[in-house]
Amino acid sequence: VRYVVGTRYGGCDNLRVEAGKGLGGQVLLTGRPMRTDDYAEDPRLTKDYLHVIREEGIVAEMVVPIRIEDRIEGLLYVGNRSSSPFTDRDEAILLRLADHAAIAIQNAHLFGESERRGQAAQSLADLGRLISQSLDPGEVGQRIADSIRALLGAQVSLLFRLEPESGDLVALAVSS
C-alpha cells in the first residue's frame, strides 16, 4: 500500500496484496476490474483481508488495475462504509483515473531513467577528462575504479591488469 486516504486501519504500511486473495488479489489474478456490494459475504472472495475490511467498516468495494502496457503496475481501490453499491459509471470513472495514474507512473519512470542516463554520461565524460590528465597507470587505474564504483553505486570496485609474461591478473586499483 503506497497511499491511503480516510483509513481507520493502522497496518496499511505492512499490508501486501497477494494474487488470488481478497478483491485486489482477484484483480491481480484476472487483470479485470472487480466490485462487490458486500465484501464480507461475497463468496467469490477469500477472507484473507476480512480483518482489514471489518476494521475499516467497508461494505462495498471496487478495485481496478493500473496498467502500463501489458502488466499491472498497481491497483486503485475505493470503498463505501455503507451498502451503497458502485455502478458501471463509477467503474468507468475509476478506470479513467487508473489510466491517468499509469501515465503519471510511466512518466516518472522515464524521467528517472533519463536522469540516470544523464548522470552516467556525465560520469563517463568526467572519467575521460580524469584519464587524460595523467600518464601514471596506477593513478589512471584508481580514477577508473573510483568512477566505476560511483557510477554504478557499488560498494567496491576492483581493476585488474593482465601481466603479459605470466598471464596472471594483477590488481591495479581498489575503490571502496
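The values are calculated or read from the model by the stated rules, or taken from the named source; none is laboratory data. Remember, it's a predicted structure, so these values are computed and weren't measured experimentally. All Cβ positions, even for glycine, are placed from backbone atoms using ideal geometry, and neighbour counts span all protein chains on display. We work out accessible area using only protein heavy atoms, side chains counted, and drop any ligands, DNA or RNA first. Shrake-Rupley method; radii C 1.70, N 1.55, O 1.52, S 1.80 Å.
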Restricting to the stretch 9-61, count the residues that are over 16 Å from P85 (Cα atoms) and not charged (D, E, K, R).
25
What is the residue count in the stretch 30-48 for residues that are hydrophobic (A, V, I, L, M, F, W, C) and modelled with pLDDT of 95 or more?
1
Sole residue being modelled with pLDDT of 85 or more and within 30 Å of L152 (Cα to Cα), chosen from A60, A102
A102
Looking only at residues in the stretch 28-47 that are in a loop (DSSP other than H, G, I, E, B) and under 24 Å from the mean Cα position of the chain (by Cα), which one is surrounded by the fewest Cβ atoms within 10 Å (Cβ to Cβ)?
R32
Given (1) closer than 14 Å to V17 by Cβ; (2) at pLDDT 90 or above, identify the lone condition not met by V52.
(2)
List the pairs whose first member sits in the stretch 52-67 and is at positive phi, whose second member is of a type outside the set (K, R) and part of a strand (DSSP E or B), and whose Cβ atoms are under 9 Å apart, counting only residues at least 6 apart or on separate chains?
G57/G79
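Can A154 be described as modelled with pLDDT under 90 and in a loop (DSSP other than H, G, I, E, B)? Break it down stepwise before answering.
Numbers: modelled with pLDDT under 90: yes; in a loop (DSSP other than H, G, I, E, B): yes.
Yes.
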Given the conditions (1) open to solvent by 60 Å² or more (accessible area, probe 1.4 Å); (2) in contact with a Gly (Cβ under 6 Å, 6 or more places away or on another chain); (3) of a type in the set (D, E, K, R); (4) outside any loop (DSSP other than H, G, I, E, B), which single one is not true for E61?
(1)
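Conditions (1) open to solvent by 90 Å² or more (accessible area, probe 1.4 Å); (2) aliphatic (A, V, I, L, M), marked per residue:
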| site | (1), (2) |
| --- | --- |
| I53 | no, yes |
| I68 | no, yes |
| I72 | no, yes |
| N80 | no, no |
| H100 | yes, no |
| N107 | no, no |
| D126 | no, no |
Within the group E91, E73, which residue is charged (D, E, K, R), touching a residue at least 12 places away in the same chain (Cβ under 8 Å) and part of a strand (DSSP E or B)?
E73
